[in-house]
Amino acid sequence: MNSTGKKIVFIDGDGAFPPTEILKVAEQIGTYDIVLGMKRHKQSQWITPESKLRKLLGKYFNLFVNILFHIQVKDCLCGLKGFKNSVAKDMFSHLMRNDWIFDVEVLYKARKKGYTIGEVPVKLYYVEDSKFRILDPIKMIFKLLRLRYDLMRRQ
């Protein structure tokens, strides 16, 4: 909320993205209000390959999110996102969630407000020691359903 630049980019701290990818996202801010790195794009490059299980779970997670929230993005949890400053401040000033699910909340609210969202292919590493656990998809489904319910109550 204290950022002063025209563009705000954030990146997960697990080292999955080379620093050059920050510039790739930042260059598209202005063309779009929000720019997402996209791991699943045919031009994205996995420097170290993602596990098949993780790839499958990610595909179905994004499908479920798009059905439930209608946000129309292919990779809502990619850890590389950029925003116009004013858009970021608008989106992050009234979040209901402060855990990983905030990505979905931000993108849902952005679509509702008419902000444009672009996706760019990225280079990335599969990070083996990620915090993702096998039971996480079940927990994610319940958290997403709860978020959808909470958002519907506030409309």
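The values are calculated or read from the model by the stated rules, or taken from the named source; none is laboratory data. Quantities reported herein were computed from a predicted structural model and do not represent experimental measurements. When we count neighbours, we look across all protein chains shown, and the Cβ atoms used for this are built from the backbone with ideal geometry, even at glycine. SASA here: full protein model, heavy atoms, side chains in, ligands and nucleic acids out. Shrake-Rupley method; radii C 1.70, N 1.55, O 1.52, S 1.80 Å.
Can you give the accessible area per residue of the stretch 1-128, in Å², using a 1.4 Å probe?
The answer is 54 Å² per residue.
Mind grabbing the base-10 log of I(q)/I(0) for the stretch 55-141 at q = 0.21 Å⁻¹? Debye formula, identical points on the C-alpha positions, no solvent, two decimal places.
Treating every Cα as an identical point scatterer, log10 I(q)/I(0) equals -1.20.
Can you list which of the trypsin sites (Lys or Arg not before Pro) found in the stretch 1-93 are DSSP loop residues with at most 10 other C-beta atoms within 10 Å?
Numbers: sites: 6, 7, 24, 39, 40, 42, 52, 54, 55, 59, 74, 81, 84, 89; in loops: 6, 39, 40, 42, 74.
Listed in order of number, the matching sites are 42.
Label points 7 Å out from Cα along the Cβ direction at residue 41 and residue 27: separation in nm?
1.0 nm
Considering only C-alpha atoms, what is the centroid distance from the stretch 134-153 to the stretch 1-76, in Å?
Cα centroid to Cα centroid, the span is 20 Å.
Convert each backbone phi in the stretch 41-48 into a coupling constant with the Karplus relation 6.51 cos²θ - 1.76 cosθ + 1.60 (shift: θ = phi - 60°), then list the ³J(HN,Hα) values in order as whole Hz, x for Gly and Pro.
3J(HN,Hα) across the stretch 41-48, in whole Hz: 6, 5, 8, 5, 10, 8, 5, 10.
Output the DSSP H helices from the chain with an along-axis C-alpha extent of no less than 24 Å and a mean Kyte-Doolittle hydropathy no less than -1.0. Each step should come with its number before you reach the end.
On the way: long enough: 52-69 (25 Å, 0.62); 136-154 (27 Å, -0.26).
Those that clear 24 Å and a mean of -1.0 are 52-69, 136-154.
Provide the per-residue ³J(HN,Hα) series for the stretch 77-84, in order, calculated from phi with Karplus coefficients 6.51, -1.76, 1.60 and θ = phi - 60°, each as a whole number of Hz, with x at glycine and proline positions.
For the stretch 77-84, the Karplus-derived couplings read 9, 4, x, 9, 9, x, 9, 5 Hz, x marking Gly and Pro.
Could you check what % of the DSSP bridge pairs in the chain are antiparallel, to the nearest 5? Numbers along the way, then the final one.
Working: 8 of 17 bridges.
Of those bridges, close to 45 percent are antiparallel.
Is it possible to state the helix-based mean residue ellipticity at 222 nm for the chain, with each DSSP H run of 4+ residues giving -39500 (n - 2.57), the sum divided by total residues, to the nearest 500 deg cm²/dmol? What is it? Let's see the in-between values first.
Details: 5 runs with 66 residues, N = 155.
The per-residue figure over the chain is -13500 deg cm²/dmol.
Tell me, what are the semi-axes, in whole angstrom and largest first, of the equivalent ellipsoid of the chain as set by the roots of 5 times the Cα gyration tensor eigenvalues? Numbers along the way, then the final one.
Numbers: eigenvalues 101, 92, 36 Å².
Those come to 22, 21, 13 Å.
Set the Förster distance to 25 Å, then compute FRET efficiency between residue 126 and residue 89 from the Cβ-Cβ distance, nearest 0.05. Write out the running numbers ahead of the final one.
Numbers: r = 33 Å, r/R0 = 1.31.
Calculated transfer efficiency: 0.15.
Given labels modelled 7 Å from the Cα in the Cβ direction, how far is it in nm from residue 155 to residue 56?
In this crude label model, residue 155 to residue 56 measures out at 3.3 nm.
Around residue 119, which amide H atoms from residues at least 5 apart in sequence, or from another chain, sit under 5 Å from its own amide H, with H modelled in the peptide plane?
Here the answer is 36, since their amide H atoms fall under 5 Å of that of residue 119.
Of all the accessible heavy-atom surface of the stretch 1-132, with the other protein chains kept in place and a 1.4 Å probe, what percent is carbon and sulfur?
Values: 4010 of 7350 Å².
Taking all protein chains in place, the stretch 1-132 shows 55 percent carbon and sulfur surface.
Full-extension gain between residue 133 and residue 116, please, as 0.36 nm times their residue separation minus the C-alpha to C-alpha distance.
Between residue 133 and residue 116, full extension yields an extra 2.9 nm.
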